[in-house]
Amino acid sequence: MKLLNLSAYSSQARQAVASFSFLMLCLAGLSSITFAADPVVLEETEQQKWYKGNLHTHSLWSDGDDYLEMIADWYKSHGYDFLSFTDHNVLSTKERWTVPEKNKGKVHAYEELKKRFPDWIEERKNKEGQIEVRMRTFEEVSEKLGEPGKFLLILSEEVTDRYKNMPVHMNATNVHSLLTPRGGQSVYEVMQNNTNALLAQRERSGKSMMIHLNHPNFHYGVTAEELMKVIGENFFEVYNGHPGVNNSGDESHAGTERIWDIILTKRLAELDLPMMYGLGTDDGHNYHKIPSRASEPGRGWVVVLSETLEPEALVKALEAGKFYASSGVKLKSVRLSDKGMQVEVDPEEGVEYTIEFIGTREGYPKRGIPVLDSKGEELHATKRYSKKIGESLKSVKGTSASYDFDGNEIYVRAVVHSSKLHPNPSEVGEVERAWVQPITGPGAPKK
């Protein structure tokens, strides 16, 4: 593998990246499947299982409206195998008390907590005579609700940062300790600085952890051109369940799938950087009036093929691309080889499916055109590129489909559309989908 060309990046980023060059090369090696003589088959066996989980969750420890144990109980009772708590710039590891009348969950959330867990409530009265309740820590909730091999809770954090008025939020999964937002002189630099901090913690602690960019279209804070340059960060949310994150974009801003295809093309064919993988998450904040148009659980998730239900094994599988993202569609298997890709759906009775293969071929037009406002000034938005980037290569109706490489594809990914409407979607009118992770094609530059 070639060493990364750092000449295009700021001196601060170059210095930080150089400090972790060995680690990043290792991460880059984990970030794509290397094909041997036999295909890579992603399906359940005696040695590995599909595990469903959510990597983006908020609670009363930041801006959610429910207690950790209630949220964990919801996911456990709804068939999830793992859950990351990702509150904003805080870890639920210290003693904290809250006044139910004043927090986001109000008295209703506390009454529901007492009803569900009546024997482990700790409360007291403050100087004003108001009832305070002790918020259980991550460790306590994990001990109470976690079950080895069945349900896993992962200590994580949403590193909430910004550049000027543009939000830059990144989730750090399976952290060892709190990550303080690093800031920066541009959106790109904010992402790179926070990524470097995560990688440094990973190296110091020896603990498997990962970082991903949340909702790039939240206030349209992050463009494809900014994210594509980040070194050591190989994940972003192609689907986020919050109704305010603009997954589909608008007339001036590319949707998240379009952003993904631009990033994949540029990273693989021009920047000599690893694959970027697409995650599905909830970004849940509201847990009391489901379904509604609030930010609620159960909208998007990842399904990871892993040998064990442990944080280290899940991170390793995610970094190897052994997962798919979903908002409802369930897959049975994905087969990958140097010949192409095959996708098989685990169908739901009465539901129809369309499997679309998307990719970019060699010879695509590289130039992007800036997006201008009504005054002719350039917007902070992903540039407009040729439709040859991220074009539809093949579409098949049915529960199984394959794509055979022609020989000039830089990458290929797949998305499965169902005929079933999402029961509680991020955007009204969505059908349930699944996003199959990309693989490099024969047209990608050889490493």
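The values are calculated or read from the model by the stated rules, or taken from the named source; none is laboratory data. Values in this document were obtained by computation on a predicted structure and should not be read as measured data. Glycine gets a Cβ as well: all are built from the backbone with ideal geometry, and neighbour counts include every protein chain shown. Ligands, DNA and RNA are stripped out before the accessible areas are found, and what is left, the full protein with its side chains, is counted by its heavy atoms. Shrake-Rupley method; radii C 1.70, N 1.55, O 1.52, S 1.80 Å.
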> Which residues, taken from segment 405-425, are open to solvent by 40 Å² or more (accessible area, probe 1.4 Å) and either part of a strand (DSSP E or B) or more than 21 Å from ILE262 (Cα to Cα) (or both)?
Replying inline: HIS417, SER419, LYS420, LEU421, PRO423
>> List pairs: first residue in segment 38-50 and outside any strand (DSSP E or B), second residue open to solvent by less than 60 Å² (accessible area, probe 1.4 Å) and not aliphatic (A, V, I, L, M) anywhere in the structure, Cβ distance under 6 angstrom, at least six positions apart or on different chains.
In response: PRO39/SER337; GLU43/SER333; GLU44/TRP50
> Within segment 426-438, is even one residue of a type in the set (Phe, Trp, Tyr), touching a residue at least 60 places away in the same chain (Cβ under 8 Å) and in a loop (DSSP other than H, G, I, E, B)?
Replying inline: no
> Right, ARG96: among the basic types (Lys, Arg), touching a residue at least 12 places away in the same chain (Cβ under 8 Å) and more than 30 Å from GLY149 (Cβ to Cβ) or not?
Replying inline: yes
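Considering VAL329, VAL302, which residue is closer than 30 Å to GLU203 by Cα, open to solvent by less than 10 Å² (accessible area, probe 1.4 Å) and of a type in the set (Val, Ile, Thr)? Steps first, please.
On the way: VAL329 fails: closer than 30 Å to GLU203 by Cα.
Answer to the selection: VAL302.
Tell me the strands (runs of 3 or more DSSP E) entirely within segment 308-389 that contain at least 1 residues that are under 30 Å from GLY221 (Cα atoms).
Once the strands (runs of 3 or more DSSP E) in segment 308-389 are filtered for at least 1 residues that are under 30 Å from GLY221 (Cα atoms), what remains is 323-326, 353-361.
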> Is there any pair with a first residue in segment 101-122 that is in contact (Cβ under 8 Å) with a residue 24 or more places away in the chain and a second that is among the charged types (D, E, K, R) and surrounded by 12 or more Cβ atoms within 10 Å (Cβ to Cβ) whose Cβ atoms are under 7 Å apart and which are 6 or more apart or on different chains, and what are they?
Replying inline: LYS104/ASP63; LYS104/ASP65; GLY105/ASP65; GLY105/ASP66; ALA109/ASP65; ALA109/ASP66; ARG116/ASP73; PHE117/GLU69
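Please verify whether GLY146 is of a type in the set (Gly, Ala, Ser) and either within 26 Å of LEU113 (Cβ to Cβ) or open to solvent by less than 20 Å² (accessible area, probe 1.4 Å) (or both), treating the condition exactly as stated.
Details: of a type in the set (Gly, Ala, Ser): yes; either within 26 Å of LEU113 (Cβ to Cβ) or open to solvent by less than 20 Å² (accessible area, probe 1.4 Å) (or both): yes.
Spelling it out, GLY146 is indeed of a type in the set (Gly, Ala, Ser) and either within 26 Å of LEU113 (Cβ to Cβ) or open to solvent by less than 20 Å² (accessible area, probe 1.4 Å) (or both).
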> Which one is surrounded by the most Cβ atoms within 10 Å (Cβ to Cβ) among residues in segment 90-117 that are hydrophobic (A, V, I, L, M, F, W, C) and more than 23 Å from LEU155 (Cα to Cα)?
Replying inline: VAL99
> Among the numbered criteria (1) modelled with pLDDT of 95 or more; (2) surrounded by fewer than 23 Cβ atoms within 10 Å (Cβ to Cβ); (3) over 30 Å from GLY105 (Cα atoms), which single criterion is violated by HIS285?
Replying inline: (3)
